[in-house]
Amino acid sequence: MTKPNRPDLSRRDVLKGVSAISALGALSPNAMADDRGAAEHSGASLIRRENAKPGSRDWQLTRVRLDSRDGVRASKIEGYCSRQSVAAGESIDIMVSTDPAQAFVVEIFRTGYYGGRGARLMTKLGPFDGSVQPLPEVGEKRLRECRWTPSVTLTIPDDWPSGVYLGRLSTLTDATGFGYWQNYVVFIVRDDRPADILLQCSDNTWQAYNQWPDDYSVYTHPKGNQGPWADVSFDRPYGMYPQIFENPQTIGSGEWLCFEYPLAYWLEKHGYDVTYCSNSDMLAPDRGLKCKAFISNGHDEYWDIRQYNSVVKMRDEGVSLLFLSGNSVCWVSPFRESVDGRANRILFRGGPYGGDYRWAKLREQQHGPFPHRGPDEGYLMGSRNIDPVNGGGDWVCARPDHWMFEGTGMKRGEAIPGLIGWEYHGDPPADIPGLEIVGKGTALQGGVNPQAWTSTIYPGPKGNFVFNASTIWWCQDLASPPGHWIPWSHWSRPHGPDDRVQRITHNLLRRAIDNVA
């Protein structure tokens, strides 16, 4: 075991950064008008103009086929991209394999609201002559790193807005002569403009759980499913998401459509000035410092330590942080370059966040030794990754007089059914100045094992705040886009769009946007 990585961020530094305001109530001005739209904010016109364009009726996967009922791979047609994110004017390679070799097309869609249709066709490429690309050998630490020949190189036009883009791969025919096969690739278009909201995609976690081609992820190493044993590469297709539900829309798209997309759909519906980034775009704080609010979305478990340092810097400089996520900032996941030298294409589970606190020590004891140890994530998020960290339950209001509940009509002890899951946070640090527990309750692991969870909020030093929703499923109660499946895990499930969750989220975002010093 090598010496743990311990960044220059002590508990004292974190507390000092948030001590300028003694209570979050000091942030609260008069109640906001109920009907004030997010589109009032500068920059939102870009999102409004984009979403006024016609959406596509046909952007989902229709015909998909796994190689085996118990597998995740769909090799009739599959692919991946050469980069996690790309800016306008830059190029991205799309690698595609078809088995058997046959012609195919690529349709590029931007996901958003688009009048409720959910995506817009940006361009159609091809047809191209497909070929069977080689299955990579098993490398050191069970790495499966493809070295496929690019099928198409796409230069991003200047007028393509930031967003999450799906490339739908479709063969022109199938063995019957009457059908076709489909799959996705996924990439993020980023920009560098000032914006109200920076929405970070949790693509490190997508890749950590990706088992393509057959049982190869950081969770499937013979030595154990929680240790530092396995490397994973972004240079491979995304197989179907291997847990929670058998959702065909996850084939090729990571966890975007199942656990994150409803938030983007909802934000763009309401005209919020939002821009998007990959985990790998947060290795320095520069991008986030141009925004007023930063959102961690969905299942955001794996962070390079540089991401952590960046987000601490953003908080201390006045950016509000919204962890609309669960099991976030749990594992230090260092990046390294690909075999051909492209940066940030391979990661592994390097060790737990948690500093010297008991949950990190427990993970080290159970699953180590680890080469890295991150600081206590509770002093960033306001709540921690506990053990067990999974289960299902209701989200229960603890402080109905708090400004985040304005307009909801919620009462103390009122529950939002099934919103906690399938992972969450708890055990908040008691010594963060001004920290308030706004939601708390009990989740049931496996439907029988109780565990306490907490949702928290605390003030930053410049009129900003940090909110922790304490659930992967927060966005499930914001919107239900076309094709969306409600997840079900630990014998519990959220119910879908809920006006209380929507109003809470509006309140948080409007405060973050309006109160930046």
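The values are calculated or read from the model by the stated rules, or taken from the named source; none is laboratory data. These numbers come from a predicted model, not from an experiment. With ideal geometry, Cβ positions are generated from the backbone for all residues, glycine too; neighbour counts draw on all protein chains shown. Keep in mind that these areas ignore ligands, DNA and RNA; they rest on the heavy atoms of the full protein, side chains included. Shrake-Rupley method; radii C 1.70, N 1.55, O 1.52, S 1.80 Å.
Some observations on this one:
- Inter-site label distance for PHE245 and ALA103 at 7 Å from Cα along Cβ, in nm: 3.7 nm
- Accessible area per residue, Å², region 249-395 with all protein chains present, probe 1.4 Å: 23 Å²
- Relative contact order of the chain: 17 percent, from C-alpha pairs under 8 Å at least 6 residues apart in sequence.
- Other residues whose C-beta falls under 10 angstrom from the C-beta of ALA343 contribute a net charge of +3, scoring Lys and Arg +1 and Asp and Glu -1.
- When shorter helices are ignored and each DSSP H run of at least 4 residues is given -39500 (n - 2.57), the per-residue value for the chain at 222 nm works out to -4500 deg cm²/dmol.
- When the solvent-accessible area of region 300-408 is split by element, carbon and sulfur atoms take up 46 percent of it, the probe being 1.4 Å.
- Under 13 Å, Cβ to Cβ, from MET404 - net charge with Lys/Arg +1 and Asp/Glu -1: +2
- Charge tally around HIS221: other residues with Cβ under 13 Å, Lys/Arg +1 each, Asp/Glu -1 each, net +2.
- Considering only GLN451, PRO429, SER489, and ranking their Cα positions along the charge dipole of region 424-517 that arises from unit charges at the beta-carbon of Lys, Arg, Asp and Glu, the one farthest toward the positive end is SER489.
- From most to least packed by mean Cβ count within 10 Å, the peptides 345-358, 223-236 give 345-358, 223-236.
- With a 1.4 Å probe rolled over the protein heavy atoms of all chains, the accessible area of TYR219, TYR209 falls in the order TYR219, TYR209, largest first.
- Ellipsoid fit via the Cα gyration tensor, the chain: semi-axes of 35, 27, 21 Å, each the root of five times an eigenvalue, largest first.
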